[in-house]
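The values are calculated or read from the model by the stated rules, or taken from the named source; none is laboratory data. None of the values given here were measured: they were computed from a predicted structure. Cβ atoms come from the backbone with ideal geometry, glycine included; neighbour counts cover every protein chain shown. Heavy atoms of the whole protein, side chains included, go into the accessibility calculation; ligands, DNA and RNA do not. Shrake-Rupley method; radii C 1.70, N 1.55, O 1.52, S 1.80 Å.
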Amino acid sequence: MVIDAVMTEASVKPSWAGAIAPPAQEFSRSPLSILAGAVPAELQGCLYRNGPARLERQGQRVGHWFDGDGAVLAVQFEAGQAQATYRYVQTAGYVAESEANQFLYSGYGSLAPGPIWERWQAQFKNAANTSVLALPDRLLALWEGGMPHRLDLDTLATVGVDALDSLTANEPYSAHPKRHPQTGHIFNFGVVAGANAKLNCYRSGPDGAIEKKSSIDLNGIPLIHDFVLADRYLVFCVPPVRLNALPAVLGFRSFSDALMWQPRHGTQLVVVDADTFEVISWGETDAWFQWHFGRGYIDSYGDIVLEVVRYEDFATNQHLKEVASGTIQTSVNGQLWRIRLNPQTAAIRDQVCLVPQGCEFPVVPPTADLEAAPTYLSIHAPETDPTGELFGAIAQFNPQIDRLTIAGAGAQRYPSEPVFAPNPQHPEQGWVLTVVYDGAQHCSELWIYDGALESEPLCRLALPSVIPHSFHGVWQGAKAPPQN
């Protein structure tokens, strides 16, 4: 009896783990009840979020957080009311594994079941779990290793794979497209692995159809997750991470476990002309790793200024792998940096750390004045010990006065990446939306903040079921009514 009552420290899961322990439950469009405050009347449009929602089948867990099946949340705002829908993306892999009730495919950090000699033939599953791109007539669920999946904007029903009028099976489309604030063009990229690895660049019109694509030769097979659009330039920071291809191809290691940190090579900086897709410059600097970038713009001297959340090494990958297990043992500290570089030489002129405490998921409001716009972040609250924890707060960094404002969610509450929703009457102002998991109550809520983050949430809405911790979201404002 005494032995049964004893619990080891390792067996006690942190409260955030409750959100990803069981597979998420879908729900059809449902009105959301208000727990506190009121929905701003001017908030008209839809928030879409994507993330891994099923990390387990028949008692087997995925090997990495990146391998959970994607599910999309849509929260529609109209006339001071909110309704939400939550559905899994019906990828071919998700459907096949649901029918078989077991894992069948390999993933970023997971190996297909079965003997080693069969794994080299196993297909990769497009998890469609990383981000979303809202187009005028459809929503795209994105995963950087393959094509987008097309969803219905209202019902979130999966229509199928979307080639954007041009993509082929060997042309992956990453999860971080960028819209040009003046032209509306959509830029993106994809890394093609192989003996001669390529960096594909894509440009689409506002409707998503690809108008131009080109490719750039790479050294080895690197991990590139995001990039910078700075007006007429694309900037790629290629960290010194390379794939040891043979063990991954033969099925001895997952893609994630076959990635090697090689800091002696440094981080490469590649500047590309956004119009021609020609490489303008290719330089090298000190080694760092990054997942995500914030703002990118050209300053008055013609230099490129960009923000990046930098890590001193690749331990962040192990950290994210441990999230899937529900227990984090590897501590990391991503810091927000501002870097200024010469586009003609890719040489860094200066760099400064803006936010030294652990943060991620930088989001910049869509505006023509990117130099003055704030950056929103997920961040560890100052009063908490970040060891073994996910982010428990969101923040706003104001570059005009170098001020960081933190909005903590409270004990055992975990907000998602903050998404900015512009006020259509005053576009430079707006609201910040975040999905919050309450580990103590095992429930999820949607919180609406004023854009300054200087007060309590303006509104808290109850979601019908738990929404697992997600990666990225996007806001699509309501269409203006036709003019008579």
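Residues V159, V364, V432, ordered by accessible area of protein heavy atoms at a 1.4 angstrom probe radius and largest first, appear as V159, V364, V432. Ranking I394, I298 from most to least accessible surface, computed with a 1.4 Å probe over the protein chains only, gives I298, I394. Under 5 Å from the amide H of N244 lie the amide H atoms of L259, M260, each residue being 5 or more positions distant or on a separate chain, with H modelled from the backbone and absent for Pro and chain starts.
Toward the positive end of the charge dipole of segment 115-208, with +1 on the Cβ of Lys and Arg and -1 on the Cβ of Asp and Glu, the farthest Cα among G205, T168, F187 is that of F187. Shown for the chain: the carbon plus sulfur share of the solvent-accessible area, taken with all protein chains present and a 1.4 angstrom probe, equals 50%.
Extension gain F27-Q123, at 0.36 nm per residue separation less the Cα-Cα distance, in nm? All intermediate terms of the calculation are to be shown ahead of the outcome.
Values: separation 96, 0.36 × 96 = 34.56 nm, distance 2.99 nm.
Gain on stretching F27 to Q123: 31.6 nm.
Full extension of the chain between K479 and K13 yields a length gain of 163.3 nm, computed as 0.36 nm times the residue separation minus the alpha carbon distance. For segment 10-58, the dipole from Cβ point charges (+1 on Lys and Arg, -1 on Asp and Glu) about the Cα centre works out to 180 debye, to the nearest 20. Inverting the pair-averaged 1/r between distinct Cα atoms of the chain gives 23.0 Å as its Kirkwood hydrodynamic radius.
Of the two radii for segment 99-209, the radius of gyration is 1.02 times the Kirkwood radius, both from the alpha carbons; that is the Rg over Rh value.
Placing +1 on the Cβ of every Lys and Arg and -1 on the Cβ of every Asp and Glu, with nothing else charged, gives the chain a dipole about its Cα centre of roughly 700 debye. Positive-end ranking of I116, Q290, C359 along the dipole of the chain, with charges on Cβ about the Cα centre, is headed by I116. Rounded to the nearest 20, the size of the Cβ-charge dipole of segment 284-343 about its Cα centre is 200 debye, with Lys and Arg at +1 and Asp and Glu at -1.
The separation of segment 313-358 from segment 238-289, counted between C-alpha centres, amounts to 15 Å.
If you count only protein heavy atoms with a 1.4 Å probe, what accessible area per residue comes out for segment 198-339, rounded to a whole Å²? Each step should come with its number before you reach the end.
Values: 5240 Å² over 142 residues.
Result: 37 Å² per residue.
For D402, the solvent-accessible surface computed with a 1.4 Å probe is close to 100 Å², ligands and nucleic acids excluded. Quick one: compute the contact order of the chain, relative version, from alpha carbon pairs under 8 angstrom and 6+ residues apart, as a percent. Across the chain, relative contact order equals 15 percent. For segment 20-74, count all C-alpha to C-alpha pairs, find those more than 14 Å apart, and express that count as a whole percent of the total. Value for segment 20-74 (Cα pairs over 14 Å): 66 percent.
Accessible area, 1.4 Å probe, largest first: how do K13, K321 sort? Intermediate results must be reported in sequence, preceding the final value.
On the way: K13 105, K321 60 Å².
Listed by decreasing accessible area, they come as K13, K321.
With 0.36 nm allotted per residue and the present C-alpha distance subtracted, the Q400-T155 stretch has 84.1 nm of extension available.
Using a probe of 1.4 Å on the protein chains alone, the accessible area found for D217 is around 100 Å². Modelled this way, with points 7 Å down the Cα-to-C-beta line, the labels at A245 and T387 are 4.2 nm from one another. Across segment 230-238, coupling constants 3J(HN,Hα) worked out from phi with the 6.51/-1.76/1.60 Karplus curve, θ = phi - 60°, read 10, 6, 9, 10, 10, 10, 10, 9, 9 Hz, and Gly and Pro carry x. In the assembled protein chains, C443 presents an accessible area of approximately 40 Å² (probe radius 1.4 Å). Only Cα sites of segment 110-160 enter the Debye sum here, all with the same form factor; the resulting log10 I(q)/I(0) across q = 0.14, 0.17, 0.30, 0.32 1/Å is -0.47, -0.59, -1.11, -1.19, listed in q order. Since only C443, P136, Q425 are under comparison, the one whose Cα sits farthest along the positive direction of the charge dipole of the chain, derived from C-beta charges on Lys, Arg, Asp and Glu, is P136.
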